[in-house]
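The values are calculated or read from the model by the stated rules, or taken from the named source; none is laboratory data. Being a predicted model, the structure only gives us computed values, none of them experimental. With ideal geometry, Cβ positions are generated from the backbone for all residues, glycine too; neighbour counts draw on all protein chains shown.
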Amino acid sequence: MKFIRILPIILASVLTAFTAFVALDTFVIPRAYSVVTDSPVTEFSEAETEAETSSEAVSADPVITSTSYTDDDIQITLETYYVNDTYVYVADVVVSSSGYIKTALANDTYGRNITDTTSSIASDNSAILAINGDYYGSQEKGYVIRNGVLYRDKAESGQEDLVIYYDGSFEIISEDEISAQELIDAGAWQVLSFGPALLEGGEVSISQNEEVDRAMASNPRTALGIIEDGHYVFVVSDGRTSESEGLSLYELAEFMQTLGVETAYNLDGGGSSTMYFNGQVVNNPTTNGSRIKERSVSDIVYIG
Amino acid sequence: MKKKSHFIALIYLAAASLCAAFAAVYEHFSHGVYSPFMVFAFLIPFIGGFIPFLLIGLLKGRFPKKLSFYLYNAGIGFLTVGSLMQGALEIYGTTNSLMAIYPVAGGVLLVHGIVLYLLQIMFGSAYTKAS
């Protein structure tokens, strides 16, 4: 009878303790699974050797302005648009090899709750241009392939990924239809697992009502697109501020279509949306509501 | 017993209202990201607590014995908190495999509470003495 009397206290304590642990496990406790290793592949060796030989012969310094960067292999032009009551930042990128489209993980570590700001990760990796990635660390499933290394092969049902191959081409795939190892075997250089795909074959591939999960609203956005071989766009929009309302996914897709993008893919948005260029954060990232501050993320996509 | 049932029903109604208010505030600051687990979490204490205890009171049914009552309440508690947590995780855009424990633990507690209550009704005083 004594046990029954204290049973409610025991049950309430178990529920409280378990809930606190789940919250800490989800948002706070860092878990490192592996440290970043060098890419095991040599597909870029020829192009990079050529580039290195060329740069040694000419040794031209890059030309850098507040809105552009140019060297022998990389040309970046930054432009700001104002569409749908929102500032949108577009980095037009032309590279001589897709090996310049790189990704980096926070603290060079693959794991959960291992985060850092986009600008800090970019700075650590000497990035010229960077945007936040897919925040793989917030999910337990979904392929993670970075710089040719497979970190996670657990498929998420219904998940659409962006695959960047060694030849620089983009492809949208479904994790239901192909395994992570098959993607590696097919020459995947980067696989980003967020979505959805915004444009395929130059056509808008989402409906007006389709959003990330239940985000039926205008928000800050991050997206990556390809115009043609070696020619890409990195796009970040502001949002959640009095100056910028933010974009719906459909508005983002329509905007990228006007840039001539063939394939475009949505990355982690909201407070994560950040663009870094030449040592500066270009946009107005929001954290904890509309406060202008960079949020820490798991990973970035960068040129460098 | 009628008074006690109505009192418990009122507590569940207050819990349901609290869940609805919490969800409304949470959704207000979630920048248009909605989760049905958050929005409809209030239905668990409302349907699982308020209505049954109100009916027990109105129909002058037998009030559950302590063990059955505590297990049932804990089941509703696990399911409600689990629903709110699932909503919070969905709105943040993350997942955790531990979340599967909430419905399992909640379901087991709930079923045990209901079974004990049914035994109490079916076997009446014999069961009552044993418990």
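What the table shows:
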{"quantity": "Test for A:N266: is it outside any strand (DSSP E or B), in contact with a Phe, Trp or Tyr (Cβ under 9 Å, 6 or more places away or on another chain) and crowded, with 19+ Cβ neighbours inside 10 Å", "calculated": "no"}
{"quantity": "Residue check, B:G93 at pLDDT below 95 and away from every other protein chain (no Cβ under 14 Å)", "calculated": "no"}
{"quantity": "Single condition A:T222 does not satisfy, out of (1) within 14 Å of chain B (Cβ to nearest Cβ); (2) modelled with pLDDT under 95", "calculated": "(2)"}
{"quantity": "Positions within region A:17-54 being assigned to a helix (DSSP H, G or I), modelled with pLDDT of 85 or more and either within 16 Å of A:V95 (Cα to Cα) or touching a strand residue (DSSP E or B) at 6+ places or on another chain (Cβ under 9 Å) (or both), in sequence order", "calculated": "A:D25, A:T26"}
{"quantity": "Scan of region B:50-68 for residues that are more than 9 Å from chain A (Cβ to nearest Cβ) and part of a helix (DSSP H, G or I), ordered by number", "calculated": "B:F50, B:I51, B:P52, B:F53, B:L54, B:L55, B:I56, B:G57, B:L58, B:S68"}
{"quantity": "Among the residues listed as B:I47, B:I76, the single one being more than 8 Å from chain A (Cβ to nearest Cβ), assigned to a helix (DSSP H, G or I), buried (at least 19 other Cβ atoms within 10 Å of the Cβ) and out of contact with any strand residue (DSSP E or B) (no Cβ under 6 Å at 6 or more places or on another chain)", "calculated": "B:I76"}
{"quantity": "Residue within region A:57-70 that is farther than 30 Å from A:H231 by Cβ, at pLDDT below 95 and in contact with an Asp or Glu (Cβ under 8 Å, 6 or more places away or on another chain) present", "calculated": "no"}
{"quantity": "Residue under evaluation A:S157, criteria (1) surrounded by fewer than 16 Cβ atoms within 10 Å (Cβ to Cβ); (2) within 19 Å of the chain's Cα centre (by Cα); (3) within 14 Å of chain B (Cβ to nearest Cβ), criterion not met", "calculated": "(2)"}
